[in-house]
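What follows draws every value from the coordinates through simple rules; no lab data is involved. Computed from a predicted model, the values in this text were never measured in an experiment. Virtual Cβ from ideal backbone geometry, glycine too; neighbours counted across all protein chains shown.
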Amino acid sequence: MDVLRGEVPERRPVWFMRQAGRYLPEYRALRAEAGSFLNLCYDPVKACEVTLQPLRRFDIDAAILFSDILVVPHALGLDLRFAEGEGPILQTVRSEDEVARLKVSQPGDQFKKVAETVALVRAGLAPEKALIGFCGAPWTVASYMIEGGSSKRLRAKSVAEENPAWFADLMDRLVEVSVHYLCMQVEAGADCVQIFDSWAGDLEGETLERCVFAPISRMVKLLKARFSRLPVIGFARGIGLRQADFARATGVDAVSVEDDLVLSDVLATLPPAVAVQGNLSPQELLAGGGAMREAVAALLSSVPKQRHIFNLGHGIVPPTPIAHVAEVVAMIRAAD
Ligand code: CP3
């Protein structure tokens, strides 16, 4: 929170995307008990426990709400399931009628379950630890809605470029409902929020500005109008050297950076009030050893702790050894 507010932190903060997940045996046990990933997401006691699990193992500085970006389309009335080994399967939205049917002004109980989880986590979390709320950005969520699941997003990309009225309408509704959803999380106890635009790198030029920069900019304005001191982290994955344009266009307090960029190069281009988050490669964390240690050391020496939240460039992958995560945290602490 100090870094996000432009203050000097006591120590370099660190958390990991997907820090709660299948690489932890205690996660797999609770997930099995819940029966499915979605049952786990909508069971506040279990979701709270899963959120806190990584903080019991590692000396990290933040918990991220355990949930998923597809909770939003689910709450808008679309069928959703997670097929083992296949990823999400979501009911599609591809016309004006289907957009009109979305329950934007009366989302389902899913949001309430998530807010209950947030409140339980905040109550169970030490006061010096931050609780990060999140949602998917309109473009990434819209692409899942158009495609119906994981894909190369060719259909979604051509819709974005052609920009039919129903697509613009869908994006507007996603801005509105996502802000409502994040505000619920903040009211329940989230200290800051991250907006995940995992597929931002699909788009370029005017389409990137219209579908990524503009909707996130509107979200940040609406969020800050409601909570003036709420820090917002933006993760526009894959936009390369446009990170500084993204930061300026949206007003986010930090950019989360994928691992194929050099973090210090990105930092050098950013406005002075914007911090960087990232960007150890998940593959390097998985492999461990000398290459991992060198990559961590390079990050620590190339960006100052008052502008840096240590993280990965993307989520922890399931086969990652727990000892590698512990080793990275120990290196960060030793360097403070
Ligand atoms: O980071 C965290 O620890 C918080 C929890 C979190 C999850 N998903 C849990 C999850 C967050 C922040 C997300 C965001 C999310 N979900 C994104 C954006 C970030 C990114 O990864 O790019 C996206 C694109 C999704 C959609 C999604 N959810 C997919 C494509 C999948 C299947 C792929 C997979 O890893 O199995 C999920 C499932 C999912 N979300 C899991 C977890 C822990 C795995 C579920 C399980 O089998 O237990």
Pick from PHE134, PHE82, PHE213: which is most flexible by mean-square fluctuation in a GNM of the chain where alpha carbon atoms under 10 Å apart are linked?
-> PHE82
Net +/- balance of residues flanking MET331 in space, Cβ distance below 12 Å, scoring K and R +1, D and E -1 = -1
Quick one: work out the % antiparallel among DSSP beta bridges in the chain, nearest 5.
-> 15
Cβ-based exposure ranking for ILE132, ILE216, ILE309, in which fewest neighbours within 10 Å come first = ILE132, ILE309, ILE216
Taking ASP59, ASP191 and counting other C-beta atoms within 10 Å, the order from fewest to most | ASP59, ASP191
Using amide H atoms built 1.01 Å from N in the peptide plane, name the residues 5+ places from GLY149, or on other chains, whose amide H lies under 5 Å from its own.
-> LEU90
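Classify the range 209-283 from the C-alpha gyration tensor, please: rounded if a/c falls under 1.5, else prolate or oblate depending on whether a/b exceeds b/c.
Prolate shape, in that a/c is at least 1.5 and a/b is the bigger ratio.
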In whole angstrom, how far apart do the alpha carbon centroids of the range 285-336 and the range 112-175 sit?
-> 27
Check GLN194: other-chain or 5+ apart residues with amide H under 5 Å from its amide H, H built from backbone geometry?
-> GLY133, PHE134, CYS135, ILE233
In whole Hz, the Karplus estimates of ³J(HN,Hα) for the range 15-32 (6.51, -1.76, 1.60; θ = phi - 60°; x where Gly or Pro) are 8, 10, 5, 6, 5, 9, x, 5, 6, 9, x, 5, 5, 4, 5, 6, 5, 5
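Please give the per residue volume of the convex hull enclosing the alpha carbon atoms of the chain, rounded to a whole number of Å³.
It comes to 120 Å³ per residue, whole-number rounded.
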Derived scalar couplings ³J(HN,Hα) [the range 45-61; Karplus, 6.51 cos²θ - 1.76 cosθ + 1.60; whole Hz; x for Gly, Pro] | 5, 5, 5, 5, 4, 5, 4, 7, 3, x, 6, 6, 8, 10, 7, 9, 9
Which lysines have a Cα less than 24 Å from the Cα of LYS103, not counting those fewer than 8 places away in the same chain?
-> LYS112, LYS113, LYS221
For the range 284-295, what does the Karplus curve 6.51 cos²θ - 1.76 cosθ + 1.60, with θ = phi - 60°, yield as ³J(HN,Hα) per residue in whole Hz, taken in order and with x for Gly and Pro?
-> 5, 5, 5, 6, x, x, x, 5, 5, 4, 5, 5
With unit charges on the beta carbon (Lys/Arg positive, Asp/Glu negative), name the residue among VAL114, GLN194, GLY35 whose Cα is farthest towards the positive pole of the charge dipole of the range 25-274.
-> VAL114
Fewest to most neighbouring Cβ within 10 Å: what's the order for ARG5, ARG122, ARG229?
-> ARG229, ARG5, ARG122
The long-range amide H neighbours of GLN277, using H built 1.01 Å from N in the peptide plane and a cut-off of under 5 Å, are VAL255, SER256, VAL257, ILE309
Could you give the distance between the Cα centres of the range 49-68 and the range 192-242, to the whole Å?
-> 24
